[in-house]
Amino acid sequence: MKTNVKNLTIALALILPAPAMAFIISPVNSDAAATLFAALLGPDSGINVDMTTLAFVGKTTVGEEQSATYTGMNLVPDDGVGATITNPDGILLTSGHANMPTTNTESNFSNSLSQPGTGSNAALSTLSGNNTFDQNFLSFDFTLAAGNAVSANFVFASDEFPTQTVTDIFGFFVDGVNNAFFPGGALVSNVPQANFQSNPVGSSRYPNEYNGFTPSLTVTGLLAPGLTTHNMLIAIADTFDSIFDSGVFIGNLRSTTASSGGIGDPAPVASVPVPATYALMAIGLALLGALRRRSAV
Ligand SMILES: [Ca+2]
Ligand SMILES: [Ca+2]
Ligand SMILES: [Ca+2]
């Protein structure tokens, strides 16, 4: 009998998949630029960075950290509805708090930052055509050992989705040119909504506060010709006002060879059917959001 139990245990161990590694977000509150930069680079990245040019802007107050490193991003929807979202280990930049709940607790997770330096980002304001707030960025100068471009993998997530039309924005600038676009050409923001997997409030579909997530996308930026050193700026900010957080999970930055910049290997995602209860909840929250936003400006 004991042998049978042991055999059964071994058989089950062979059949059952290994438990998934937990999704862990570790807010950064000291040595932020170097810590984030180290987590951003892929293995054998081929990117040579002038560390004296490394620059970071973001809040680092303990408990209110704006940025984080993360590991184990393999988000399997617990109800089987929607896609699994997998991205290489890397960093989280936000327009609010990176120190956030591991379930979706509210529709409008909002953190307005008042620290000097976390205000408007000029490059993102120009890109979006709107004023930006609560910027969070990493930038540096670099050269490549080989290749003519840099690539990274990212997931954009937001609490502007799905109730708001305000377009918080993410930019991946190489030599001053943004390369972050959705398949189809839209800037990376909380719209178009078809790009997102829904994480309804009160559900535990994905283990995170954000209401919606894009799939993992590859962004590629060509180096400007004729320059001996190049510049990278990875940035996110709120637009229109400083409420309703957005974040970008980005990692595996590496050199590559490409013929054009922008989004690589696009995989358009079908919109996820929303159960009637969520739809009703969304309508209610949209009304609340509209009222709140009106009173906030
Ligand atoms: Ca939320
Ligand atoms: Ca904010
Ligand atoms: Ca916002």
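What the table below lists for this structure:
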{"item": "Anisotropy class of the stretch 44-104 from Cα gyration tensor, a/c 1.5 cut", "result": "oblate"}
{"item": "Computed E for residue 146/residue 52 - FRET, C-beta separation, R0 25 angstrom, nearest 0.05", "result": "0.60"}
{"item": "J(HN,Hα) series, the stretch 119-132, from Karplus relation 6.51 cos²θ - 1.76 cosθ + 1.60, nearest Hz, glycine and proline x", "result": "x, 6, 10, 4, 5, 6, 5, 5, 4, 7, x, 10, 5, 10"}
{"item": "For residue 91, net neighbour charge (Lys/Arg +1, Asp/Glu -1) across residues whose Cβ lies under 15 Å away", "result": "-1"}
{"item": "Residues 97, 230, sorted so that the one with the fewest Cβ neighbours within 10 Å comes first", "result": "230, 97"}
{"item": "Over the stretch 19-296: Rg over Rh, Cα atoms, Kirkwood Rh", "result": "0.95"}
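No lab work stands behind these numbers, since they all come straight from the coordinates. Being a predicted model, the structure only gives us computed values, none of them experimental. Using ideal geometry, Cβ is built from the backbone for each residue, glycine included, and neighbour counts are taken over all protein chains shown.
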